[in-house]
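Just so it is clear, none of the values below were taken in a lab; they were calculated from the coordinates. All figures in this text were calculated on a predicted structure; none of them were measured in a lab. Cβ: placed from backbone, ideal geometry, glycine included. Neighbour counts: every protein chain shown.
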Amino acid sequence: MRMIDLTAEFGTHVAHRLRMEQVVWLTTISPGGAPQPNPVWFLWEDDSFLIYTLPDSVKIRNLKQNNHVSLHFNCDEWGGDVVIFTGEAIIDQAAPPANQHPAYLEKYRGGIADIEMTPESFATAYSVPVRVKPARMRGF
């Protein structure tokens, strides 16, 4: 079952943002219960978010304690165009390294160069693939 109804007006708009946005905010929960938002690059595939992260990141530490997360896009300058997802995150052992994922490279090749990395050095540094399966979506 698709999480987003692509026939509805809001769902069509969200599907466009999932294809076009460069950054989504991933919020994990610290062991003490505090929300920890971080902007991340993502690829929307198979009705889920694929995110590559550093192995020693706070995100990974938090996910090992609590895999419930939320994600949201930036809103517009007036506080509208809000899209929020909630779901669970897993470390996706089946995902290829970032430098071997053609769609991810197509989306972020320029960004990787902007941070003075190659696809290979990026994949070595950001070696942990995290997959977020959204269970709910809301927005306006």
Subtracting the Cα-Cα distance of Asp81 and Phe10 from 0.36 nm times their residue separation yields 24.6 nm
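Taking R0 as 22 Å, what FRET efficiency do you get between Asp114 and Arg17 from their Cβ-Cβ distance, rounded to the nearest 0.05? Could the numbers behind the result be given before it?
Working: r = 22 Å, r/R0 = 0.98.
So, using R0 = 22 Å, E works out to roughly 0.55.
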Note on the chain: contact order normalised by length, alpha-carbon pairs under 8 Å, 6 or more apart, percent, works out to 28 percent
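Nearest 20 debye, what's the magnitude of the dipole of the chain about its Cα centre given +1 on Lys and Arg Cβ and -1 on Asp and Glu Cβ?
In debye, rounded to 20, the chain gives about 420.
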With the dipole of the chain defined by +1 on each Lys or Arg Cβ and -1 on each Asp or Glu Cβ, the option from Ile90, Ala15, Asn38 whose Cα lies farthest towards the positive pole is Ile90
PRE zone check, label point 7 Å out along Cα-to-Cβ of Gln36, amide N under 15 Å, scope segment 58-78, hits 58-70
Across 10 Å bins beginning at 0, the whole-percent shares of Cα-Cα pair distances in the chain come to 11, 42, 36, 11, 0
Between Asp47 and Glu88, the two model label points (7 Å from Cα along the beta-carbon direction) sit apart by a distance in nm of 1.5 nm
